[in-house]
Amino acid sequence: MQRLIRFAGIIIATVWIVQLQSSFITFGQSVSTSQQVTWTCTGSPCPWGATDSGHAVVWPDSVATVNNRLGYTTSAAVYLPASEAAGTTIMITSGTAAVYAGEPNASSHRRLATLANGDSYVVSGLANGEVLSVQS
């Protein structure tokens, strides 16, 4: 089943619907909001300092997620495992977002796509053990 992530108000297909600014995510019947997320140092290494923050898609509780990266724990579920992310279509109808992937303990994640109004991206080619995030 192909998944759709959509940044806007009108639902075209329902599995993932996301809007990054004061937003919502619909996964089946589950709804959760995207939000300002904090990365808090809870281990080592912590190259970004004691805390860092940014706006990111927060995945619903009904999906297996990862909330640790490097020595940080996130305040919300922003990392989606490759097994969940494969085949997801990300479509932007308003604003911009970047799609990232990498191993949870990698020092950096590669940018898969930078999307703006009207752009879409189908997630593929993620290695086992990698995670996906959508951030603005």
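Structure data summary
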item: Residues located in the stretch 46-75, provided they are touching a residue at least 60 places away in the same chain (Cβ under 8 Å) and over 18 Å from Leu132 (Cβ atoms); result: Pro47
item: Hits in the stretch 57-77 - residues which are under 21 Å from Ser107 (Cα atoms) and of a type in the set (Ser, Thr, Tyr); result: Thr65, Tyr72, Thr73, Thr74, Ser75
item: Selection from the stretch 81-103 of residues that are over 13 Å from the mean Cα position of the chain (by Cα) and either among the polar types (S, T, N, Q) or closer than 25 Å to Cys46 by Cβ (or both); result: Ser83, Thr93, Ser94, Thr96, Glu103
item: Lone unmet requirement of (1) closer than 26 Å to Gly125 by Cα; (2) at pLDDT below 95 for Gln29; result: (1)
item: Residue in the stretch 71-92 that is in contact with a helix residue (DSSP H, G or I) (Cβ under 9 Å, 6 or more places away or on another chain) and hydrophobic (A, V, I, L, M, F, W, C) present; result: no
item: Long-range neighbours under 9 Å by Cβ, at least six apart or interchain, first residue touching a residue at least 12 places away in the same chain (Cβ under 8 Å) and more than 17 Å from Leu126 (Cβ to Cβ) within the stretch 76-99, second among the charged types (D, E, K, R) and crowded, with 17+ Cβ neighbours inside 10 Å; result: Met91/Arg6; Ile92/Arg6; Thr93/Arg6
item: Residue within the stretch 44-65 that is of a type in the set (Asp, Glu) and either surrounded by 12 or more Cβ atoms within 10 Å (Cβ to Cβ) or modelled with pLDDT of 95 or more (or both) present; result: yes
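The values are calculated or read from the model by the stated rules, or taken from the named source; none is laboratory data. Being a predicted model, the structure only gives us computed values, none of them experimental. Cβ coordinates were reconstructed from backbone atoms using ideal geometry, including for glycine residues, and neighbour counts include every protein chain displayed.
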